[in-house]
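For reference, the structure discussed in these notes is given below.
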Amino acid sequence: MSYAVVVINWNGLADTLACIDSIVAGGNDAKVIVVDNGSTDGSLEVLRAAAGDLTVIDARQNLGFAAGANLGLRAAQQAGFREVVFLNNDTLVEGNALDRIVARLAGPGEVFACLPMLLVHATGAIWNCGGEIYPMGLRRYHLAGQPSAAGTARGEIRCSFFTGCCLAVRIDEFLRRGGFSERFFFGEEDFELALWMREQGRPALCLTSAVVRHKVSSSFNAAAGASQVRKVFVYYLNRFIHMRLRLGGWRWWLWSVAYLPYVALLLMRSGTVGARELPSFIHHLLGRARRMDRVTRADFEAVMAGQL
């Protein structure tokens with residue numbers, strides 16, 4: 001059962017080639033579609049010259065994850081595939097893990113998306129097996145930090161939340177819903193999708209016999225450089241804009257009042273933002289979230305440049 005695998009590359013040639021090699025080495029019956037998001041490191045030329053059955057799409061600019069993934073999604077449909085796997089380029093596939101999650105889409109019980117067990121590449125511990133999303137927008141990952149055997153013992157885990165790191169969906173079904181939301185240049189698309197699935201009663205499932213190792217946020221960390229504050233600011237800006245558009249007016253303000261203490265606690269406990277800087281951080285966050293209805297590439301790059 002051949003299917004498409006969409007991988008986004010942005011100046012990440014070494015990771016992308018290693019990812020593709022792992023797909024091929026595992027014997028997965030997959031057609032890899034690489035969307036190059038305007039790389040400037042020579043990635044495009046090397047990928048085009050690579051051996052194997054590989055399709056390379058030149059996006060000509062950095063579209064961000066969601067728009068790049070949707071470009072690959074449409075290419076997969078035009079090529080006649082019925083299923084697609086979206087896969088981060090900073091992952092390594094163990095064996096035929098992708099074959100397994102695609103096959104499970106047709107298994108018992110209606111499943112909108114199927115994902116593998118995700119391990120932290122450096123340690124082998126579970127990164128997550130999907131998770132649960134709650135009304136306030138909080139989420140909890142299944143088995144995070146536990147040994148892989150804990151996931152293997154579970155077999156299948158129903159979940160209402162998952163990351164966009166690796167998931168399989170049916171192409172026509174995903175296109176009817178509009179693919180990934182392109183409102184946010186980087187991040188939030190998986191959270192937005194999870195809330196939509198919850199509202200629509202469309203479950204996801206983690207198949208723990210399928211294993212993918214993830215290098216965890218290498219593309220975002222490369223963009224953020226040494227400043228964790230910039231990374232975190234974009235993350236919460238996405239979330240506050242998204243929830244304002246979803247809840248609207250007074251409900252968003254109530255949500256913000258309830259959610260901000262949690263955010264402040266996390267920021268201070270992690271050491272990302274100190275007590276003296278916290279009021280300014282929250283002031284700029286709420287100010288932008290109140291007047292913006294999306295986070296564009298220009299917005300993202302401005303924050304990464306230190307313009308909070």
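Which order do the peptides 3-11, 299-307 take when ranked by the mean count of other beta-carbon atoms within 10 Å per residue, highest first?
3-11, 299-307
Once you wrap a convex hull around the alpha carbon atoms of region 149-219, what is its projected area averaged over all directions, in nm²?
With the hull built on Cα positions only, its mean projection is 5.7 nm².
Could you size up the charge dipole of the chain around its Cα centre, putting +1 on the beta carbon of Lys and Arg and -1 on that of Asp and Glu, and report it in debye to the nearest 20?
1160
Name the long-range amide H neighbours of residue 128: under 5 Å, sequence gap of 5 or more, or other chain; modelled H, no Pro or chain starts.
Residues meeting the criterion, in which the H sits 1.01 Å from N, are 118.
With angles folded into 0 to 90 degrees, how steeply does helix 13-25 sit against the dominant principal axis of the chain? Use alpha carbons for both and round to 10.
It is inclined by approximately 40 degrees.
Considering the dipole of region 45-163 built from charges on the beta carbon (Lys and Arg +1, Asp and Glu -1) around the Cα centre, which of 65, 81, 112 is farthest to its positive end?
112
Got a sec to turn the phi values of region 244-250 into Karplus ³J(HN,Hα) couplings, 6.51 cos²θ - 1.76 cosθ + 1.60 with θ = phi - 60°, whole Hz, x for Gly and Pro?
5, 5, 6, 8, x, x, 5
I'd like the orientation of helix 64-78 relative to the chain: the angle between its Cα long axis and the longest Cα principal axis, in ° from 0 to 90, rounded to 10.
30
Under unit Cβ charges (Lys, Arg +1; Asp, Glu -1), what dipole magnitude, rounded to 20 debye, does region 1-147 have relative to its Cα centre?
Using only the charged Cβ atoms, the result is roughly 380 debye.
Residue 149 label point, 7 Å along Cα→Cβ, cut-off 20 Å on backbone N: hits in region 88-125?
117-125
How would you rank 134, 236, going from fewest to most other Cβ atoms within 10 Å of each one's own Cβ?
134, 236
Could you tell me how far the Cα centroid of region 89-144 sits from the Cα centroid of region 246-308, in Å?
28
What number, rounded to the nearest 500 deg cm²/dmol, is the helix-based mean residue ellipticity at 222 nm of the chain, given -39500 (n - 2.57) per DSSP H run of at least four residues and division by all its residues?
-13500 deg cm²/dmol
In terms of the Cα gyration tensor, with a ≥ b ≥ c the square roots of its eigenvalues, is region 225-304 rounded because a/c is under 1.5, prolate because a/b exceeds b/c, or oblate?
Verdict is oblate for region 225-304.
Give a residue-ordered list of calculated ³J(HN,Hα) values for region 148-153 (Karplus: 6.51 cos²θ - 1.76 cosθ + 1.60, θ = phi - 60°; whole Hz; x for Gly, Pro).
Per-residue couplings from phi come out as 4, 4, 5, x, 4, 5 Hz.
How big is D, in µm² s⁻¹, for the chain by Stokes-Einstein at 37 °C and 0.692 mPa s if Rh is the Kirkwood radius over C-alpha pairs?
Answer, rounded: 164 µm²/s.
No lab work stands behind these numbers, since they all come straight from the coordinates. Since the model is a prediction, treat every value here as computed from it, not as a measurement. Don't worry about glycine lacking a Cβ; one is built from the backbone with ideal geometry, like all the others, and counts go over all protein chains shown.
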